[in-house]
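**Student:** Please find one structure pasted underneath; my questions will follow.
The values are calculated or read from the model by the stated rules, or taken from the named source; none is laboratory data. The model shown is predicted, which means the values in this text are computed figures rather than measured ones. Backbone-built Cβ (ideal geometry, glycine too); neighbour counts: all protein chains shown.
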Amino acid sequence: MTENKTRLAIKVDIAVIGAGQAGLSSAYHLQRLGLQPGKDFVVLDEAPQPGGAWQYRWPSLTLNTVNRVHDLPGLGFAEFAGGDGTVKASVAVPHYFAAYEEHFGLRVLRPARVSVVCDRGDRLRVESDRAVFSARGLINATGTWENPYIPEYPGAATFQGQQLHTRDYRTAEVFAGKHVLVVGGGISAIQLLDQISQVTRTTWVTRTPPRWREGPFTEEAGRKAVAMVEERVRAGLPPMAVVSVTGLPVTPAIEAMRQRGALERKPMFAEILPHGVRWPDGTELEVDVILWCTGFRSALDHLAPLQLREDSGGITMIGRLATQVARDARVHLVGYGPSASTIGANRAGGAAARELTTFLGLARSPGA
């Protein structure tokens, strides 16, 4: 695919935005349905190389510590991981994604940042910094990494220490000798709290008390969690964090954190001071660093002209796996809501490809 300098729209049947787990899964299934990459559909990815958000993960996140790397459809991850669990996830997964793209000839156009998608009657105009495309349908798989969320608190601008988000984290050693306030109750917050608390003083705060899960995470529990998130998006409500349903697993690392006192959680503070934070009862705490492990929001600003959102702020989703947008059946969102997990993104990619090609009358061979 060559750069279009005249900004004339290149016609394709389907544009896929994003080449992480959800985007590659969607592309794989579109190809299995008879569509040709680079001709019938195009995959656009903002990142300079394969790997999705994995390529930006902190170096200490290894294959031993990551929750799990799920196989993409048609080509397993195991042969790329090797037997060494100390390999960085930010190295192993991009290597896997690159091999996957090459193996199936998916011809991802990168780096290609999509700035806006607009309605043009029976087509959608997809504008990127590499080319402009005119598509009959859209599978959006932009995920959340590009949209970190930090809640607003009074006094945040006055803080004279360091504030950073999960996506900015590299290593715990840079905080040595500092008092780090870790904010958030998700899995990433626990992972970073574990690492930082081993090298320096930490304080942990969460908006609500953490929910701990004893025992293995069963398939039934997983289905229940996904069903609850799916129920919300089908009702047009903003998706909720899956961990709020599943709870946090009690692992040996968690037990070790408890023993050294790293899990002595405090409720959320009310305001930020120049050198720390203050709680509603007037208690103050001096800290050097505020690490916001407060999650991400779906990166969907480029879809704003399509007016997909409800007054609630959510997007009403329909379809078998809730990937199709109710307000515009030409648009599917994968990696959103119930398909935000890697395994969910795989299934959603297949469902979106089948439903969209059927809706557009494009399917040329039986789906996988």
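**Student:** Condition first: of a type in the set (D, E, K, R), free of Cβ contacts under 8 Å to residues at least 40 places away in the same chain, part of a loop (DSSP other than H, G, I, E, B) and not assigned by TED's automatic domain parsing to the domain that holds A176. Can you find one or more residues in the stretch 349-360 that meet it? Talk me through it step by step, then tell me what you get.
**Tutor:** Residues of the stretch 349-360 that are of a type in the set (D, E, K, R), as a first pass: 354-355.
Filter once more, keeping what is free of Cβ contacts under 8 Å to residues at least 40 places away in the same chain: 355.
Next, from what is left, pick out any that are part of a loop (DSSP other than H, G, I, E, B): none.
Looking for residues that are of a type in the set (D, E, K, R), free of Cβ contacts under 8 Å to residues at least 40 places away in the same chain, part of a loop (DSSP other than H, G, I, E, B) and not assigned by TED's automatic domain parsing to the domain that holds A176, one finds none in the stretch 349-360, hence no.
**Student:** Which is buried (at least 18 other Cβ atoms within 10 Å of the Cβ) and either modelled with pLDDT under 95 or not assigned by TED's automatic domain parsing to the domain that holds A322 (or both), of V66, V43, V93, V16? Steps first, answer last, please.
**Tutor:** Values: V66 fails: buried (at least 18 other Cβ atoms within 10 Å of the Cβ); V43 fails: either modelled with pLDDT under 95 or not assigned by TED's automatic domain parsing to the domain that holds A322 (or both); V16 fails: either modelled with pLDDT under 95 or not assigned by TED's automatic domain parsing to the domain that holds A322 (or both).
Sole residue among the options that is buried (at least 18 other Cβ atoms within 10 Å of the Cβ) and either modelled with pLDDT under 95 or not assigned by TED's automatic domain parsing to the domain that holds A322 (or both): V93.
**Student:** Conditions first: (1) surrounded by 16 or more Cβ atoms within 10 Å (Cβ to Cβ); (2) closer than 28 Å to I343 by Cβ; (3) of a type in the set (S, T, Y). T208 passes all but one, so which condition is the exception?
**Tutor:** (1)
**Student:** Out of T171, T166, T144, report the one residue that is surrounded by 18 or more Cβ atoms within 10 Å (Cβ to Cβ), among the polar types (S, T, N, Q) and more than 29 Å from A326 (Cα to Cα).
**Tutor:** On the way: T171 fails: surrounded by 18 or more Cβ atoms within 10 Å (Cβ to Cβ); T144 fails: more than 29 Å from A326 (Cα to Cα).
Answer to the selection: T166.
**Student:** Could you please give the count of residues in the stretch 250-301 that are buried (at least 17 other Cβ atoms within 10 Å of the Cβ), aliphatic (A, V, I, L, M) and over 17 Å from P210 (Cβ atoms)?
**Tutor:** Number of matching residues: 8.
**Student:** With the requirement that a residue be among the charged types (D, E, K, R) and either part of a strand (DSSP E or B) or modelled with pLDDT under 95 (or both), what does the stretch 111-128 give you?
**Tutor:** Going through the stretch 111-128, the residues among the charged types (D, E, K, R) turn out to be 113, 119-120, 122-123, 125, 127.
Scanning the stretch 111-128 gives D119, R120, R123, R125, E127.
**Student:** List pairs: first residue in the stretch 193-205 and within 12 Å of K266 (Cβ to Cβ), second residue part of a loop (DSSP other than H, G, I, E, B) and acidic (D, E) anywhere in the structure, Cβ distance under 8 angstrom, at least six positions apart or on different chains.
**Tutor:** Filtered contacts from the stretch 193-205: W204/E264.
**Student:** Exactly one condition in (1) more than 29 Å from A253 (Cα to Cα); (2) touching an Asp or Glu at 6+ places or on another chain (Cβ under 7 Å) is false for H179; which is it?
**Tutor:** (1)
Table: residues versus (1) touching a strand residue (DSSP E or B) at 6+ places or on another chain (Cβ under 9 Å); (2) aromatic (F, W, Y); (3) within 21 Å of L308 (Cβ to Cβ).
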| residue | (1), (2), (3) |
| --- | --- |
| H95 | no, no, no |
| A112 | yes, no, no |
| R125 | yes, no, yes |
| V132 | yes, no, yes |
| N140 | yes, no, yes |
| G155 | yes, no, no |
| F159 | yes, yes, no |
| H165 | yes, no, no |
